[in-house]
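Written out below as structure tokens is the structure these notes cover.
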Amino acid sequence: MTGERTPQRPKRGMNATVRKKRDLLSLFDVDAAEIAALFKRAGELKEARRNGEVTHTLKSRTLGMIFEKSSTRTRVSFEVGMFQLGGMALFLSSKDIQLGRGETISDSAKVMSRYVDGLMVRTYGHKNVEIMAEHATVPVINGLSDDFHPCQILADLLTYEEKRGSSKGARITWIGDGNNMANTWIQAASRVGFHLVLSCPVNYDPMPEVIEAAQAEISARGDSDASITLVRDPREAAQKADLVTTDVWASMGQEKETERRLRAFEGYQVDSAVMAEANSDALFMHCLPAHRGEEVSAEVMDGPQSVVWDEAENRLHVQNAILEWLLLGNR
């Protein structure tokens, strides 16, 4: 999959269904073997990039990027990634295209499928991503929704494996809001197989249906290396953790709830006292942007256990692997 070779382009539009279409809407859309393959390919692409090698596997391919939510890392990483792979990405703000004037998501999906080879959607309601995928004849990637953030968690797990080896059986602690990141960590625990401990304030737990589905999968597999546990005390949750991770307390679209959330999340900051409960070599991650002094102390964020910048860089490499996997026909 390296070098200048350009695979035969699949036909678009009405003929796009000649090959099976795959989407990445959540981590329930990939299995453990596929995740391992993505990590292997991401590592190859990362190494090739650092060695100055050209990997134009997506030459002349196009990715439409629909942004209802603004972003730094998602936009830059996907746009740069398509350029590195020889393709092109189109930034499409929902305010600038017909979606912002009332065109249905299904109609937009059908039209854009005639123009581009793939779609990345960053939006609020997860249902929007599902509708886009249902009606698009090209692969759809969830760049973030209110429910899930699969690309970010894949980057996080890739970073963990680079630093500590396989996450199988590891103890990973999530502290903070039971948001899209927490939901996706739960899915990852069931697919990859690790012990996930979540510590969230009352009324801010992850989606119960996601927990139920993940626990059912772990149980059906009889996987003793995987579990999902909810506790209230952040220090208890961090005990013997291999990784501690968090996110902002008020995500995009929740700005009006900021003051209420600051009160609700008091005591849930990842600080040196919390990290002291974890293993001495535990890593700290944050999907960014971070609010130092709120969900994480500056001491932890900028400290020696923090790998947030490696984590951010790996969005690029793992997404490049995802783009190849989906746009070249899931090979």
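Could you list all residues from region 254-300 that are among the polar types (S, T, N, Q) and modelled with pLDDT of 95 or more?
Within region 254-300, Gln269, Ser272, Asn279, Ser280, Ser297 qualify.
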- prompt: Name the residues in region 31-67 that are part of a loop (DSSP other than H, G, I, E, B), touching a residue at least 40 places away in the same chain (Cβ under 8 Å), of a type outside the set (Gly, Ala, Ser) and surrounded by fewer than 21 Cβ atoms within 10 Å (Cβ to Cβ), would you?
  reply: Asp31, Glu53, Val54, Thr55, His56, Lys59
message: From the list Ser145, Ser199, Ser224, exactly one residue is within 27 Å of Val76 (Cα to Cα), modelled with pLDDT of 95 or more and polar (S, T, N, Q). Which is it?
response: Ser145
statement: Of the residues in region 14-30, those that are modelled with pLDDT under 95, surrounded by 13 or more Cβ atoms within 10 Å (Cβ to Cβ) and part of a helix (DSSP H, G or I) come to Ala16
- line: Filtering region 68-97 down to residues that are in a loop (DSSP other than H, G, I, E, B) and farther than 15 Å from Leu323 by Cβ yields Glu68, Lys69, Ser70, Ser71, Thr72, Ser94, Lys95, Asp96, Ile97
When residues of region 130-147 are limited to those that are within 14 Å of the chain's Cα centre (by Cα) and more than 16 Å from Ile322 (Cα to Cα), the one surrounded by the most Cβ atoms within 10 Å (Cβ to Cβ): Ser145
statement: Checked region 211-268 for anything over 22 Å from Glu295 (Cβ atoms) and either assigned to a loop (DSSP other than H, G, I, E, B) or of a type in the set (Val, Ile, Thr) (or both); matches are Ile218, Gly222, Asp223, Ser224, Asp225, Ala226
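Yes or no, residue by residue, for (1) touching a His at 6+ places or on another chain (Cβ under 8 Å); (2) in contact (Cβ under 8 Å) with a residue 24 or more places away in the chain:
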position: Gly176; (1), (2): no, yes
position: Arg191; (1), (2): no, yes
position: Phe194; (1), (2): no, yes
position: Ser199; (1), (2): no, yes
position: Pro208; (1), (2): no, no
position: Ala213; (1), (2): no, yes
position: Ser219; (1), (2): no, no
position: Asp247; (1), (2): yes, yes
query: Across region 257-272, what is the total count of residues that are more than 24 Å from the chain's Cα centre (by Cα) and either buried (at least 21 other Cβ atoms within 10 Å of the Cβ) or in contact (Cβ under 8 Å) with a residue 60 or more places away in the chain (or both)?
result: 1
message: Looking only at residues that are modelled with pLDDT of 95 or more and under 25 Å from Glu255 (Cβ atoms) in region 93-122, which one is surrounded by the most Cβ atoms within 10 Å (Cβ to Cβ)?
response: Met120
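The values are calculated or read from the model by the stated rules, or taken from the named source; none is laboratory data. The shown structure was predicted, so the numbers you read here are calculated from the model rather than taken from an experiment. Heads up, the Cβs are rebuilt from the backbone with ideal geometry, glycines too, and the neighbour counts pull from every protein chain shown.
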